[in-house]
Amino acid sequence: MTEPFVRVHPVDEGTSMVRLVALSDGIYAIAMTLLVIDVAVPAGLDDSAFHQALRNALPNLGAFALSFALTAGFWRDHRRILAGLTTGTVAVTRVTLLGLGLVALLPFPTALLAEYASQPDAAAVYAAAMAAIHTVHVILLLLTQHQVHQTASSPGARERRRFGAQLAVSVTIFVLSIPLAFVSTAAAMWFWVALVPAHHLLRRRRSAP
C-alpha cells in the first residue's frame, strides 16, 4: 500500500489564528499601498499644464490621506479586537474575511471620492464603505468578547465594551452622512470630522474616575 502524496495534519487552532492575523496584516498593507496609485502627475508637461495637473492631483492626495488615516485606524482596531484571542471559530474567521474583503475594496471608493467629490453618490458610497467596515468590527468584537474576557465585570471586559461604543459611534456618523450627502456633499464630508471630537469625548469619559 502506497503512502499518501500529502500527509494531512490536524489543524492547530492557535496556528490558524496566527495565520489569520498575518493574512489581515498583508491585506491591510496592500490596500494602504494601492490607495496612492491615483496620486500622480503626468510626465512631459509644460509649466502651465504642470501646475494645472498639480492642482488636479490635490483631491486625489486629500482622498489618499483621509483613507490612509482611516485604514490605519481600521488595522489598529482589528489587531486590538483579536488581541488575546488564542483560538478561532468559524464565525470569527468568516466575519474577519468579510472585513478584509471590504478593506481590499477601499481603493475604489477612495478613487471615486477623489474624482467625483461633488457627486452625492460618491460621498454616499465612501461613507457606506466606512460604515460597513466599522460594523464588521463591532460584530467581531461581540463574537470574541466572551472568549477574551469570560467575566463580564472584569476591567478588560468593560474596556472592550467602551471600545465597542466607540466603534458604534463611528458607524452612526458614517450612516447619518449617507442621506446628508444627497442634501450637501460638502456637509456630509465635514460631518465625518465629528469622529474626532466624538472619539475624544469617549476617551475622556473612559479615563474619568
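Some values worked out for this structure:
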{"item": "Dipole moment magnitude, nearest 20 debye, the chain about Cα centre, only Lys, Arg, Asp, Glu C-beta charged", "result": "1120"}
{"item": "Convex hull volume per residue for the chain, taking Cα atoms only, in Å³", "result": "158"}
{"item": "Under the Karplus curve 6.51 cos²θ - 1.76 cosθ + 1.60, θ = phi - 60°, whole-Hz ³J(HN,Hα) for segment 98-103, x wherever Gly or Pro sits", "result": "4, x, 5, x, 5, 5"}
{"item": "Contour excess over end-to-end distance, with Cα ends at V183 and Y116 and 0.36 nm allotted per residue", "result": "22.6 nm"}
{"item": "Inter-probe distance in nm under a simple model that places probes 7 Å from Cα toward Cβ, at L98 and R158", "result": "3.1"}
{"item": "Packing-based order for 118-129, 47-58, using average beta carbon neighbours within 10 Å, highest first", "result": "118-129, 47-58"}
{"item": "Fully extended contour minus Cα-Cα distance, from R19 to V41, at 0.36 nm per residue", "result": "4.1 nm"}
{"item": "Centroid-to-centroid separation of segment 117-135 and segment 158-209 [C-alpha atoms, Å]", "result": "14"}
{"item": "From phi via Karplus (6.51, -1.76, 1.60), per-residue ³J(HN,Hα) for segment 128-142 in Hz, x at Gly/Pro", "result": "5, 5, 5, 5, 5, 5, 4, 5, 4, 5, 4, 4, 5, 5, 5"}
{"item": "Among 19-29, 35-45, the order from most to least packed when residues are scored by Cβ within 10 Å on average", "result": "19-29, 35-45"}
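Laboratory data are not the source of any read-out in this text; all were calculated from the coordinates shown. Bear in mind that the values here come from a model prediction, so they are computed numbers and not experimental data. We place every Cβ from the backbone using ideal geometry, glycine too, and count neighbours over all the protein chains shown.
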